[in-house]
Structure formats: structure tokens, C-alpha cells
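The values are calculated or read from the model by the stated rules, or taken from the named source; none is laboratory data. Not measured: the values here are computed from a predicted model. Every residue, glycine among them, receives a Cβ derived from its backbone with ideal geometry; neighbour counts consider all protein chains shown. Calculation scope for accessible area: heavy atoms of the full protein, side chains included, ligands and nucleic acids excluded. Shrake-Rupley method; radii C 1.70, N 1.55, O 1.52, S 1.80 Å.
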Amino acid sequence: MLELVFLLMAAVAVISALGVLMVRDIFRAALCLIVLFMTVAGVYVLLHADFIAVVQVLVYVGAISVLIIVAIMLTRDARQGQPLGNLKYIAGAVAFLLLAVIVYSIVTTAFTLSEGAPLDETVKPLGKLLFGDPGYLLTVQIAAVLLLSAILGAVAVIREK
Amino acid sequence: MLTLGLVHFLILSAALFVIGLFGVITQRNVIKVIMCLEIMLNAVNIALIAFSQYIVPTALTGQVFALFVMVVAAAEVAVGIAIIFSIYRNRESVDMENFNILKW
């Protein structure tokens with residue numbers, strides 16, 4: 001059953017990712033991207049990462065898609081996507097080769113899998129890991145500073161002279 | 001019937017990453033390039049969480065890393081779209097051909 005769900009999600013994810021590339025109307029490409037984000041959230045649920053799945057929906061579907069759609073709306077002249085560049089065939093060959101190499105190395109590597117059962121819910125342990133004493137508290141604060149400076153930088157770049 | 005394992009998630013991640021890479025190289029609309037970058041970051045997150053789940057299921061380190069990747073992605077999109085707007089204001093275009101201001 002889980003395998004069927006995974007195959008369905010993987011198919012939807014790959015098709016919508018291809019849709020982002022192929023669809024001419026850039027607004028519809030953005031809608032394909034939202035479908036992809038939702039499917040990736042489903043994959044996280046399959047991986048027992050419930051908190052990450054919720055954050056994925058909040059941050060990607062809620063915030064980043066809205067930013068991208070606003071960008072599309074404000075640059076309306078170019079809504080009809082331009083054709084692909086001249087690099088298409090070389091890039092396609094390189095991408096296909098890279099995929100072949102990655103898949104080959106994934107299949108031939110012997111990962112040391114753990115037999116342990118996954119955690120039932122990850123919110124509490126994640127919170128302890130992020131804010132606890134032997135944890136990532138400093139990194140969380142650096143991330144906050146990074147977000148603040150990104151917002152200030154965006155405002156500074158976009159301000160009218 | 002296959003049994004769901006680490007390999008399947010990694011192959012999905014690799015496929016999404018390669019699709020995003022192809023898009024970043026070939027697309028001419030800058031907003032589409034940013035969208036493809038997001039696809040690549042999502043692919044990396046899937047790989048991180050799959051490794052975390054199958055190799056250290058109780059340590060959650062991969063999930064913490066994925067959270068920080070999301071923070072950086074949000075910051076990157078905000079700054080990227082601000083740069084697109086400010087170039088669009090000068091050039092009236094979002095075509096990659098016109099984004100050569102820094103070239104000499």
C-alpha cells in the first residue's frame with residue numbers, strides 16, 4: 001500500500017517538475033510548482049517527518065509560492081514564457097549523464113541501514129534538539145540573523161532611488 | 001511488488017535535482033530559473049530526510065539540516081526576487097539575455 005502511494009507521489013512530483021519546465025504560461029508553471037511542493041510534503045509524511053511536512057506546506061506553499069506569484073504578476077509583460085535557450089541539447093545530455101551517474105552510485109553503494117523503529121512524533125525531539133543544551137541553539141540564532149539581513153537586503157535593493 | 005526503501009527516495013531526489021538543474025541551465029525567464037532552484041533545494045531536502053530516516057532514525061540530524069535549508073531557501077527567494085524587480089525596473093524585461101549588467 002505504502003509503495004503504491006510512494007509511486008503515485010513520485011510520478012506526480014516528476015510530472016509537475018517537468019511541467020514547470022515545459023508549460024509556456026509562467027503562471028501555470030507556478031501552479032505546477034505548488035503541486036510539486038505539496039507532493040514533496042506528502043513524501044515527508046511517508047518518511048515519518050511530520051513537522052518538516054507541516055513546515056514545507058507553511059514555508060513553501062504558503063510563503064515562497066506567494067512571493068513567486070507576486071513576482072509573476074508584477075512582471076506581467078513577460079508572462080508568456082520565452083522558448084528554451086540554445087543550450088538545450090547539451091544541457092539535456094549533461095543532465096541525463098548526471099542522473100545516470102547518481103542513480104548508478106546510489107544503487108551500487110551499500111548503505112548501513114539502521115533497523116531501529118522511527119519516532120512516532122518528531123515535534124518534541126526536534127524542539128529539544130533545536131533549543132536544548134546539546135543542540136543547535138547557536139545555529140538557530142544565526143538563521144534568525146540571516147533571515148533579518150535577507151529582509152533588510154531585499155528592502156534596500158528594491159527601494160526607489 | 002517492491003518494498004519501499006532508501007534507494008527509492010534517493011532516486012526520486014536525484015530525478016528532481018536533475019530536472020531542476022536542466023531548468024536552471026536552459027530557462028530564459030529569470031522567475032523560472034528561481035522556480036527551478038526551488039525544485040533543486042526540495043530534492044536535496046528529500047535526500048537529507050531519507051538518509052536521516054533510514055540511517056539514524058532517532059537522531060533527527062537530517063531533519064534539523066533540512067529545516068536550515070528551508071530557512072536559507074526563503075532568504076534566497078526574497079533577495080532573488082528583489083534583485084529581479086530592481087533589474088526589471090531598469091530593463092523592462094525578465095529575460096536572461098538582459099541580465100548581463102555585471103558582465104564586462
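Structural remarks
- For segment A:20-33, the set of residues classified as more than 10 Å from every other protein chain (Cβ to nearest Cβ) and within 16 Å of the chain's Cα centre (by Cα) consists of A:LEU31 only.
Residues checked against (1) crowded, with 20+ Cβ neighbours inside 10 Å; (2) assigned to a loop (DSSP other than H, G, I, E, B):
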residue: B:HIS8; (1), (2): no, no
residue: B:ALA14; (1), (2): yes, no
residue: B:ILE19; (1), (2): yes, no
residue: B:PHE22; (1), (2): yes, no
residue: B:ILE49; (1), (2): yes, no
residue: B:LEU67; (1), (2): yes, no
residue: B:VAL79; (1), (2): no, no
residue: B:SER93; (1), (2): no, yes
residue: B:ASN100; (1), (2): no, yes
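- Odd one out for A:PHE131, checked against (1) over 30 Å from B:PHE22 (Cβ atoms); (2) at the interface with another protein chain (Cβ under 9 Å from one of its Cβ atoms): (2)
- Any hit, segment A:25-32, residues being in contact (Cβ under 8 Å) with a residue 12 or more places away in the chain, assigned to a helix (DSSP H, G or I) and acidic (Asp, Glu): no
- Test: residue in segment A:65-76 that is surrounded by 15 or more Cβ atoms within 10 Å (Cβ to Cβ) and outside any helix (DSSP H, G or I): yes
- Among all positions in segment A:120-132, there is at least one residue which is open to solvent by 40 Å² or more (accessible area, probe 1.4 Å) and not in a helix (DSSP H, G or I).
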